[in-house]
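All remarks here apply to the structure that follows.
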Amino acid sequence: QVQLVESGGGLVQAGGSLRLSCAASGSIFGFNAMGWYRRALGKQREWVAIITGRGSTRYIDSVKGRFTISTDNVKNTVYLQMNSLDPEDTAVYYCNLDRFGISTWGQGTQVTVSS
């Protein structure tokens, strides 16, 4: 089974940028969707951005215009470019792979935005 490893999290000041990466241990060819989710302290996990195998993207309203999801199918990696970060974006970010009916999650990467 494919495993996912996120990286790129860290501490950034408000207004700054980070790029998260999620590398799959195997091919993601034929995936149905890949997404980024986040869980802030004391809150439920929420989806942030999704990209389908056909390249369609969707974003939660609070990140539209600031975050961009993309994939590199050669590197089997999905990215989340996050600009104009706000303290409200502080959370553990997880990537998810939906492929052939199997949902796989990464271990998460912490993003902390200071005011």
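The values are calculated or read from the model by the stated rules, or taken from the named source; none is laboratory data. Note that the structure is predicted; figures quoted are calculated from it, not measured. So basically every Cβ, Gly included, is an ideal-geometry build from the backbone, and we count neighbours across all protein chains shown. When the accessible area is computed, the model is the full protein with side chains, heavy atoms only, and any ligands, DNA or RNA have been set aside. Shrake-Rupley method; radii C 1.70, N 1.55, O 1.52, S 1.80 Å.
Tabulated data for the structure shown
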{"quantity": "Restricting region 85-110 to residues that are surrounded by 12 or more Cβ atoms within 10 Å (Cβ to Cβ) and aliphatic (A, V, I, L, M), the residue that is nearest to Ser70 (Cα to Cα)", "calculated": "Leu97"}
{"quantity": "Residue match in region 1-11 (condition: within 14 Å of Val113 (Cβ to Cβ), small (Gly, Ala, Ser), assigned to a strand (DSSP E or B) and at pLDDT 95 or above)", "calculated": "yes"}
{"quantity": "Count of region 1-13 residues which are closer than 22 Å to Arg54 by Cα and open to solvent by less than 20 Å² (accessible area, probe 1.4 Å)", "calculated": "1"}
{"quantity": "Filtered residue count, region 14-25, keeping only those that are touching a helix residue (DSSP H, G or I) at 6+ places or on another chain (Cβ under 8 Å) and either crowded, with 17+ Cβ neighbours inside 10 Å or without any contact (Cβ under 8 Å) to a residue 60 or more places away in the chain (or both)", "calculated": "0"}
{"quantity": "Strands (runs of 3 or more DSSP E) enclosed by region 41-115 - at least 2 residues per element that are of a type outside the set (Lys, Arg) and in contact with a Leu (Cβ under 9 Å, 6 or more places away or on another chain)", "calculated": "46-52, 67-72, 77-82, 91-99, 102-105, 109-114"}
{"quantity": "Region 62-83, residues that are surrounded by 14 or more Cβ atoms within 10 Å (Cβ to Cβ) and more than 25 Å from Ser27 (Cβ to Cβ)", "calculated": "Val63, Arg66, Phe67, Met82, Asn83"}
{"quantity": "Subset of region 13-37 [among the polar types (S, T, N, Q) and touching a Lys or Arg at 6+ places or on another chain (Cβ under 8 Å)]", "calculated": "Asn32"}
{"quantity": "Qualifying residue in region 84-102 (condition: closer than 14 Å to Ser7 by Cα and touching a helix residue (DSSP H, G or I) at 6+ places or on another chain (Cβ under 9 Å))", "calculated": "no"}
{"quantity": "Single residue of Ser17, Ser56, Ser27 found to be modelled with pLDDT of 95 or more and over 16 Å from Val111 (Cβ atoms)", "calculated": "Ser56"}
{"quantity": "Of all residues in region 26-61 being farther than 16 Å from Asp98 by Cβ and either surrounded by 13 or more Cβ atoms within 10 Å (Cβ to Cβ) or among the hydroxyl-bearing types (Ser, Thr, Tyr) (or both), the one that is nearest to the chain's Cα centre (by Cα)", "calculated": "Arg38"}
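Yes/no per residue for (1) hydroxyl-bearing (Ser, Thr, Tyr); (2) touching a strand residue (DSSP E or B) at 6+ places or on another chain (Cβ under 7 Å):
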residue: Glu6; (1), (2): no, yes
residue: Leu11; (1), (2): no, yes
residue: Gly16; (1), (2): no, no
residue: Ala40; (1), (2): no, yes
residue: Lys43; (1), (2): no, no
residue: Thr71; (1), (2): yes, yes
